[in-house]
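Trainee: Before I ask anything, here is the structure I am working with.
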Amino acid sequence: MTEGEESLADGLPPESPPGIASAYAVRGGELCLSNAGQLELLLAMGERGAPLRTMVRGFSMTPFLRDGDVLTIAPLKGKPRIGEVVAFRHPESGRLAIHRLVLRTKKGWLAWGDNCPEPDGEIVSGDILGRVIRAERGGRRVHSALGRGGALIAFLNRTGVLARFHLLRRLPCRAASFLLRRLQGLSLYRMIGRRLADRVCVSDAGERDMEALHRMVNPSAPYRRQAVNPNVVNFVARLNGEMAGFVQLVHRTGDRSPHSGYWLFSMHVRGRYRGLGIGEKLARCCLDRAGKKGAEAVFLWVSENNGRAISLYRKLGFFPVPSASSESSTTGADGTIRRRILMRKDVALNDENER
C-alpha cells in the first residue's frame, strides 16, 4: 500500500505469448516482487491495457484497506476522481504507492493514505498509473474502501476528522497496553504468570515460524527464505499454540568479533506474554544447546538502560565484561547513540556447579 516492499502478483493478459507463461510465470500462481519490480510490472500491464491483481503490504490505508488485501489495479481510463484509490509514482521517492486522491490541485492531485498523518504531496496526472477497481480480503470482496463512499473518506481525511477518529480508535488499545505493562512489573503478576511457563513449548524454529516472525515484527517488508546456516540455531516459544517469543544462538568464528564463540542474539518476547518467564526459558534453551555443542561460554549484548533484561541475564549467571568493540554502541532509529554492555556466562563452569 504505502510504498510496500512486496507484492504477490498473479495473472497474465490474454494476449501474452505462450512462452511468457512457461518461462517466467505460472497462470494462477504467485510471483513475489519488490516495490521496483511491481512498479515496472504495473507499467508494462498498463501499456497492454490489462489489469494487475496484486497483494499489498502495509498499514497506511487501515482500516478501509488492510495489510494482505488483494487489489485489482486497472489502467487509468478517463480522469481520476476525488475519493478514488489509485496507484501512483510517489513524487519524492519515485516508488510505487497506493493511496486515495483527496483534493484537486492546480498541477494535479493530492494523495493521502487513510491512516497517514500527512499527505504524499502533489501528484501530476502522468504519475497516476492506475485505479483500484476491486479489493478482496480472505476471498471476499471489500466494498467500504471503494465506490461512492471514497469521496466521503477523502473529505474526512483532508479536514482532519479521520485522524481524530484513528486517535480515538487507538485509545482503548493504548490504555490496555499501558495497564498491562504496569501489571507485568508487579511481582505478584509475575509470580502467578510463571505458573503458565510450564505450558510454554520451546523448539527449533522452522521456515514457517521464521516467516510468521518476520510478518510480526516487520510486516511491510518482504520475507525471503534464508539459506540454512549451520552456525545459527533459531528457537521459538509457543503458548497455547501462539508464537510468544524468539531467540537465536549464533556461533561466531574467525575475525567477525573480538569475542568469537557462542552468542545469544535477537531475544524477543511479544508484549502480551511478558512477565511469564518466557525470556528466561528461551535463554536457558540457548545455554543448554551451547553446552551440548561444547561451548565454554556464551556472550550477549544488552542496552545499558534495559534494566529488566540485565536483571534476567544476571539471574542466569551472566556478568559484564569490558570491551573496546565498535559493537559497544548502536545508533537508534531517532539517530541517538545508545551504549551496550557486553555480558558473558561461563557455561562449562555453570554445569559443574549444578552437578
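Trainee: Could you say whether any residue in segment 57-64 is assigned by TED's automatic domain parsing to the domain that holds SER144, at pLDDT below 85 and among the hydrophobic types (A, V, I, L, M, F, W, C)?
Mentor: yes
Trainee: Looking at segment 293-320 only, could you name the residues that are in contact (Cβ under 8 Å) with a residue 40 or more places away in the chain and farther than 25 Å from GLU242 by Cβ?
Mentor: To start, the set of residues in segment 293-320 that are in contact (Cβ under 8 Å) with a residue 40 or more places away in the chain comprises 293, 295-302, 309.
Hits for segment 293-320 are LYS293, ALA295, GLU296, ALA297, VAL298, PHE299, LEU300, TRP301, VAL302.
Trainee: Next question. Do the conditions hold for ARG225, that is, is it in contact with an Asp or Glu (Cβ under 9 Å, 6 or more places away or on another chain), of a type in the set (Lys, Arg), part of a loop (DSSP other than H, G, I, E, B) and modelled with pLDDT of 70 or more? Before the answer, list the steps.
Mentor: Values: in contact with an Asp or Glu (Cβ under 9 Å, 6 or more places away or on another chain): yes; of a type in the set (Lys, Arg): yes; part of a loop (DSSP other than H, G, I, E, B): yes; modelled with pLDDT of 70 or more: yes.
Here the answer is yes, as ARG225 does meet what is asked.
Trainee: Also, I was wondering about something else. Does VAL236 satisfy the criteria of being at pLDDT 85 or above and closer than 12 Å to SER203 by Cα? It would help to see each step written out before you state the result.
Mentor: Values: at pLDDT 85 or above: yes; closer than 12 Å to SER203 by Cα: yes.
When the stated conditions are applied, VAL236 passes them.
Trainee: So, one more: Only residues that are loosely packed, with under 14 Cβ neighbours inside 10 Å and under 15 Å from GLY83 (Cβ atoms): list them for segment 106-132, please.
Mentor: none
Trainee: Would you tally the residues in segment 51-63 being surrounded by fewer than 21 Cβ atoms within 10 Å (Cβ to Cβ) and closer than 19 Å to LEU101 by Cα?
Mentor: 3
Conditions (1) part of a helix (DSSP H, G or I); (2) buried (at least 21 other Cβ atoms within 10 Å of the Cβ), marked per residue:
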residue: GLY279; (1), (2): yes, yes
residue: ARG284; (1), (2): yes, no
residue: ARG289; (1), (2): yes, no
residue: VAL298; (1), (2): no, yes
residue: VAL302; (1), (2): no, no
residue: ASN305; (1), (2): no, no
residue: ARG308; (1), (2): yes, no
residue: SER311; (1), (2): yes, no
residue: ARG314; (1), (2): yes, no
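Trainee: Working only within segment 92-105, note down all residues that are more than 22 Å from the chain's Cα centre (by Cα) and either crowded, with 16+ Cβ neighbours inside 10 Å or of a type in the set (A, V, I, L, M, F, W, C) (or both).
Mentor: Selection gives ARG100, LEU101, VAL102, LEU103.
Trainee: If GLU92 satisfies every condition in (1) at pLDDT 85 or above; (2) over 19 Å from VAL161 (Cβ atoms); (3) not in a strand (DSSP E or B) but one, which is the exception?
Mentor: Single failed check for GLU92: (1).
Trainee: For segment 36-53, how many residues meet the condition of being more than 14 Å from ILE128 (Cβ to Cβ) and of a type in the set (A, V, I, L, M, F, W, C)?
Mentor: Final tally of qualifying residues: 6.
Trainee: Scan segment 64-84 residue by residue and report those that are closer than 13 Å to ILE98 by Cα, buried (at least 17 other Cβ atoms within 10 Å of the Cβ) and either in contact with a strand residue (DSSP E or B) (Cβ under 8 Å, 6 or more places away or on another chain) or of a type outside the set (D, E, K, R) (or both). Please lay out each step first, then the result.
Mentor: Applying the first criterion (closer than 13 Å to ILE98 by Cα) to segment 64-84 yields 64-67, 69-74, 83-84.
With the extra rule that they be buried (at least 17 other Cβ atoms within 10 Å of the Cβ), the set shrinks to 64-67, 69-71, 73-74, 83-84.
Listed by number, the residues that qualify are PHE64, LEU65, ARG66, ASP69, VAL70, LEU71, ILE73, ALA74, GLY83, GLU84.
Trainee: Also, I was wondering about something else. Scan segment 283-292 and give yes if some residue there is free of Cβ contacts under 8 Å to residues at least 12 places away in the same chain and under 24 Å from GLY206 (Cα atoms), otherwise no. Quick ask: steps written out before the conclusion?
Mentor: Within segment 283-292, the subset free of Cβ contacts under 8 Å to residues at least 12 places away in the same chain is 288, 292.
Subset that is under 24 Å from GLY206 (Cα atoms): 288, 292.
Checking segment 283-292: at least one residue is free of Cβ contacts under 8 Å to residues at least 12 places away in the same chain and under 24 Å from GLY206 (Cα atoms).
Trainee: Right, here's the next one. Restricting segment 334-355 to residues that are within 26 Å of GLY275 (Cα to Cα) and exposed (fewer than 12 other Cβ atoms within 10 Å of the Cβ), which is modelled with the highest pLDDT?
Mentor: My answer is ARG339.
The values are calculated or read from the model by the stated rules, or taken from the named source; none is laboratory data. All values reported here derive from a predicted model rather than from experimental measurement. Backbone-built Cβ (ideal geometry, glycine too); neighbour counts: all protein chains shown.
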